[in-house]
Amino acid sequence: MENSNKYTIDKLNNLIDMSEDGKEGYENAAENVKDAAMKSSFATFANERAENTLQLRQIVQQLNGDAEDKGGDSTGTLHRVWIDLKSVFTGGDTDAIINACITGEEAAIKEYKSVLDDAEILESCKFLVGKQLSTIEQALMSIKAKVHQKVD
C-alpha cells in the first residue's frame, strides 16, 4: 500500500541528508580551523545539524516512512558541495573554510525555503522545517559576522 505522505517523506529525507552533510562539513571545519572561537562555533553548528537530523527522522517515522540516506536532487548537489569543500579544510585556510561553510549554508537555506513554500508538504511538518531554517540562518549570520569582525 502506498503511503499517502510519500511526497512529504521524500522531501524530509532530502533535508535529513542535507543536515547530515552540514554536520560532517562543520565537524571537518572545526577540526581544521585554527581560530579557537571559530572552532567552537563550528562544533556548535555541527551539533545543531545533528539535532535537526534527529528531529526530521522522528517526523518521518511518525508519518510511517523510512528515514534514510538516499540522496536527492538538490541534496546530492549540496552533498557534492560539502565533499568538494572538504579538500579546502585540509589546508587549514580559515578564509577558505569560512567561505565553504557559507556556501553550504546558503544551499541549505534555499532547500529549506523550497520545502516551506511547497504546497504539497504537510502543514504539520512546516513548523519544524521553519524552526530549523531559522537556526541555519542564524548560523550563517554568525559566520558572516565573524568575517566582518576579522576585516574590521
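Remark: ALA100 falls outside the filter, which requires a residue to be surrounded by 14 or more Cβ atoms within 10 Å (Cβ to Cβ), farther than 18 Å from ASN13 by Cβ, at pLDDT 95 or above and small (Gly, Ala, Ser). Checked against the criterion of being modelled with pLDDT under 85 and touching a Ser or Thr at 6+ places or on another chain (Cβ under 8 Å), region 64-79 contains one or more residues that satisfy it.
Residues in region 108-135 that are in contact (Cβ under 8 Å) with a residue 60 or more places away in the chain and under 12 Å from the mean Cα position of the chain (by Cα) were compared, and the one that is surrounded by the most Cβ atoms within 10 Å (Cβ to Cβ) is ALA108. Quick one: would you say ILE121 is outside any helix (DSSP H, G or I) and modelled with pLDDT of 95 or more? When the stated conditions are applied, ILE121 passes them. All of ASN52, ASN13, ASN28 fail the test of being more than 16 Å from GLU106 (Cα to Cα), within 9 Å of the chain's Cα centre (by Cα) and in contact (Cβ under 8 Å) with a residue 12 or more places away in the chain, apart from ASN52. Of the residues making up region 28-56, just one is closer than 15 Å to THR8 by Cα and crowded, with 19+ Cβ neighbours inside 10 Å, namely LEU56.
The values are calculated or read from the model by the stated rules, or taken from the named source; none is laboratory data. In this text the structure is predicted, and so the values were computed from the model without any measurement. When we count neighbours, we look across all protein chains shown, and the Cβ atoms used for this are built from the backbone with ideal geometry, even at glycine.
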